[in-house]
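Values in this text are rule-based calculations from the coordinates and carry no lab data. All figures in this text were calculated on a predicted structure; none of them were measured in a lab. Using ideal geometry, Cβ is built from the backbone for each residue, glycine included, and neighbour counts are taken over all protein chains shown.
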Amino acid sequence: MNCADIILKRTDDNIPPLKNRKAGRTSMIKLENVTKIFPSKKGKDVTALDNVTISVNKGEIHGVIGYSGAGKSTLIRCVNLLETPSKGKVWIDGIDLTKLSKEKLRQTRQKVGMIFQHFNLLKTATVYDNIAIPLKLLGVPKSKIAERVVKYLEIVDLVEKKDSYPAQLSGGQKQRVAIARALSQEPQVLLSDEATSALDPETTNSILELLLKINAELGITILLITHEMNVIQKICDYVYVIENGNLIEQGSTIELFTKPKQPTTKKFLNTISQRKLSDRLVNELKLEGKVVRLTFLGENTGQPLLSKVTQQFYVEPNILTANIIELKNGIVGNIVVHLIGNDHQVEQSLSFLQEQGVEIEELGVN
Amino acid sequence: MQSFIDQWLPIFYEAIKDTFLMVAISLAFSVLIGIILAIILILTRPGQPLQNKFVYQFFNLLINVIRSIPFIILLFFMLPFTKFVVGTSIGVEGAIVPLVVNAAPYIARLIESSLLEVNQGVIEAYRAMGIKTHQIIWNVMLREARPAIVLALTIATISLIGATAMAGLVGAGGLGDLAYRFGHLRYETDVMYVTVILLIIIVQGIQSIGNRLAARMKKD
């Protein structure tokens with residue numbers, strides 16, 4: 001019991017700050033019924049995206065998650081038209097990119113920064129030049145280039161590496177350079193194409209923190225794709241789950257973590273924490289009482305609910321697994337508990353928990 | 001020994017000068033044409049944004065056809081054309097036209113393969129930034145391919161030196177011609193040995209310079 005109380009207790013210093021969130025209602029990125037079909041020589045066309053609609057509000061961070069081959073890479077490449085959609089519209093800040101001339105599209109792309117899994121830096125140029133060359137090519141006045149390069153190198157904390165070549169940097173540092181390069185063009189939108197997938201967990205965290213900082217301090221709208229649930233967990237306001245080119249589930253990160261509907265979404269959630277118990281174990285325990293997963297959100301996590309269950313309904317809760325997941329905008333507690341008691345008592349305690357706003361999922365029922 | 005040097009030094013000097021002149025001039029033209037051809041091939045190849053089956057196939061075929069013709073045949077086959085272009089078909093000037101026609105497609109292929117090695121991701125990143133295609137060619141593709149291009153041009157320069165020897169047949173002069181005329185036809189074997197040693201030194205030198213230059217440009 002003590003264990004549950006500790007876990008359920010909300011630790012205030014762990015809550016991510018919300019004060020800088022400027023979630024507006026205006027849509028910054030919008031894909032409207034986008035379909036992308038890759039024609040194949042053998043006559044079997046591949047539908048990489050099937051009628052996908054997403055909308056990212058100004059100043060928010062949205063994430064698209066899916067397994068490899070799900071179409072998420074095509075999706076993000078459709079946003080800046082590196083891939084031209086077969087059908088549908090793409091809006092950036094109210095401009096329909098699919099209707100633009102080549103020249104106008106080129107200019108609009110300058111508003112959209114992009115970072116990549118493999119960083120895509122010039123090997124033959126120093127960190128400084130990797131940022132300065134695109135600025136020069138985009139017509140930024142010479143007198144302002146040095147100032148801008150240093151400004152954004154400071155943001156990514158790499159000023160002292162400005163004369164190094166990419167080969168002399170670690171993966172995380174290379175990604176920081178790529179981020180500085182994208183930011184130096186002062187875009188309104190940042191697209192992140194698996195930007196942390198080639199990095200180790202610790203470096204991933206530092207890059208994610210940097211993205212959060214950019215979003216909060218510069219107000220840049222971010223759309224990212226990933227196959228790592230912890231990326232979604234740490235920085236996203238809103239999530240899209242994509243499978244076989246279809247958008248199968250979407251919602252705020254909190255919604256998705258508390259009430260996942262699709263099996264694929266649940267699988268992704270299982271990667272975050274050891275949520276799954278073996279069927280054999282569940283079936284064995286079920287002989288007496290019930291095995292349930294309780295998902296707590298926000299203030300509920302502060303209440304020692306399980307203590308109350310014992311006191312009021314004489315049910316013995318035996319905790320099988322428990323964890324707490326910090327999301328960008330809140331905390332989700334997750335307990336798998338074996339409730340031991342007679343059927344009536346168990347039912348009563350479950351409806352009590354439900355009244356308290358706890359999400360309940362009974363395990364071992366098919 | 002002293003008499004050998006006194007007798008042959010001016011002749012060797014003249015031959016070395018001719019070889020360098022032929023190689024330098026034809027290399028300059030070949031590189032210019034080769035880079036342009038390579039860029040056309042890269043931009044129009046299938047799967048690229050500017051893909052164009054007709055243009056790509058035309059230049060692809062043209063390069064293959066010219067590269068199929070042995071240089072010795074090309075040399076004589078081109079005599080009338082050479083005369084039309086430079087006004088003479090003999091001497092250093094006369095040799096340059098066939099040398100360029102021989103080397104340009106070869107260099108185009110070498111540069112094409114160097115450009116193909118450039119990380120497509122970087123090119124894509126620059127496209128995503130809204131940078132113009134011609135700027136990408138100069139500032140990304142040719143820049144990133146520089147070390148590979150330098151090595152390719154080293155190879156091309158050395159085979160060009162070999163080709164100038166044959167150009168001796170149309171009276172172009174140079175070291176190869178010297179070795180052939182004096183060393184082979186007149187059985188003056190010491191002239192031949194000296195020429196061959198000189199060529200070895202030159203080839204070795206060019207390869208070393210090329211390797212070093214490429215290594216210095218390469219930053220990984």
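Quickly work out the residue A:93-to-residue B:146 label distance, labels modelled 7 Å from Cα along the C-beta direction, and quote it in nm with one decimal.
3.4
So what's the range A:17-270 giving for Rg/Rh, alpha carbon basis, Kirkwood Rh from the mean inverse pair distance?
0.97
Just the Cα atoms of the range A:275-362: what Rg and Dmax do they give in Å?
Radius of gyration, then largest Cα-Cα span, for the range A:275-362: 12.8, 39 Å.
Once you put a point 7 Å from the Cα of residue A:101 and another 7 Å from the Cα of residue B:117, both along the Cβ direction, what distance in nm separates them?
Each label point is offset 7 Å from its Cα along the Cβ direction, giving 4.0 nm.
Which value in Å does the Kirkwood hydrodynamic radius of chain B take, with 1/r averaged over all unlike C-alpha pairs and then inverted?
Hydrodynamic radius (Kirkwood, Cα only) of chain B equals 19.1 Å.
List, in the order given, every pair from A:58/A:328; B:53/B:132; A:111/B:219 whose Cα-Cα distance in the structure shown is over 20 Å.
Violating the 20 Å Cα-Cα cut-off are B:53/B:132; A:111/B:219.
Extension gain residue B:159-residue B:51, at 0.36 nm per residue separation less the Cα-Cα distance, in nm?
Using 0.36 nm per residue and subtracting the Cα-Cα distance, I get 35.7 nm.
Where in the range B:49-71 is the amide nitrogen less than 19 Å from a point lying 7 Å along the Cα-to-Cβ axis of residue A:45?
Counting backbone N atoms under 19 Å from the label point, the list is empty.
With unit charges on the beta carbon (Lys/Arg positive, Asp/Glu negative), name the residue among B:64, B:92, B:121 whose Cα is farthest towards the positive pole of the charge dipole of chain B.
With unit charges placed on the Cβ atoms, the residue in question is B:121.
So for B:118, A:291, fewest C-beta neighbours within 10 Å to most, what's the order?
B:118, A:291
Once both axes come from the Cα atoms, what is the angle between helix B:189-217 and the longest principal axis of chain B, in degrees from 0 to 90, rounded to 10?
20
Mind giving me the FRET efficiency for residue A:271 and residue B:132? R0 is 51 Å, r the Cβ-Cβ distance, nearest 0.05 is fine.
Efficiency computed from Cβ-Cβ geometry: 0.75.
Enter the angle in degrees (range 0 to 90, nearest 10) between the Cα long axis of helix A:263-272 and the first principal axis of the Cα atoms of chain A, meaning the one along which they spread out most.
90
Going by how many other Cβ atoms sit within 10 Å of their own, how do B:154, A:253 line up, fewest first?
B:154, A:253
Relative to the Cα centre, what is the charge dipole magnitude of the range A:155-254, using +1 at the beta carbon of each Lys and Arg, -1 at the beta carbon of each Asp and Glu, and rounding to the nearest 20 debye?
In total the dipole reaches around 280 debye.
From the P(r) of the range A:208-364, could you give the percentage of C-alpha pairs in the tail past 29 Å?
Value for the range A:208-364 (Cα pairs over 29 Å): 26 percent.
Just want the answer: with Cβ charges of +1 for Lys and Arg and -1 for Asp and Glu, which residue in A:187, A:71, A:253 is farthest toward the dipole's positive end in the protein assembly as shown?
A:187
What FRET efficiency would be calculated for the residue pair residue B:5, residue B:73, taking the C-beta separation as r and a Förster radius of 45 Å, to the nearest 0.05?
0.70
Quick check on the protein assembly as shown: what does the Kirkwood estimate of hydrodynamic radius come out to from the alpha carbon pairs, in Å?
29.1
Give me the tail of P(r) for the range B:154-207 as a percent: Cα-Cα pairs with distance above 14 Å.
Percent of Cα pairs beyond 14 Å in the range B:154-207: 52.
Taking a virtual spin label 7 Å from the Cα of residue A:246 along the C-beta vector, which residues in the range A:44-87 bring their backbone nitrogen under 17 Å of it?
What the label zone holds, given the 17 Å backbone N cut-off, is A:46-54, A:65-67, A:69-72.
What's the FRET efficiency of residue A:150 with residue A:218 using the Cβ-Cβ distance as r and R₀ = 25 Å, to the nearest 0.05?
0.95
Treating each Cα of the range B:100-220 as an identical point scatterer and ignoring solvent, apply the Debye formula and state log10 I(q)/I(0) at q = 0.09, 0.18, 0.23 Å⁻¹.
Listed by q, the Debye log ratios stand at -0.39, -0.95, -1.22.
What is the spin-label model distance, in nm, from residue A:53 to residue A:261 if the labels are put 7 Å beyond Cα along the C-beta direction?
Placing both labels 7 Å beyond Cα along the Cβ direction yields 1.5 nm.
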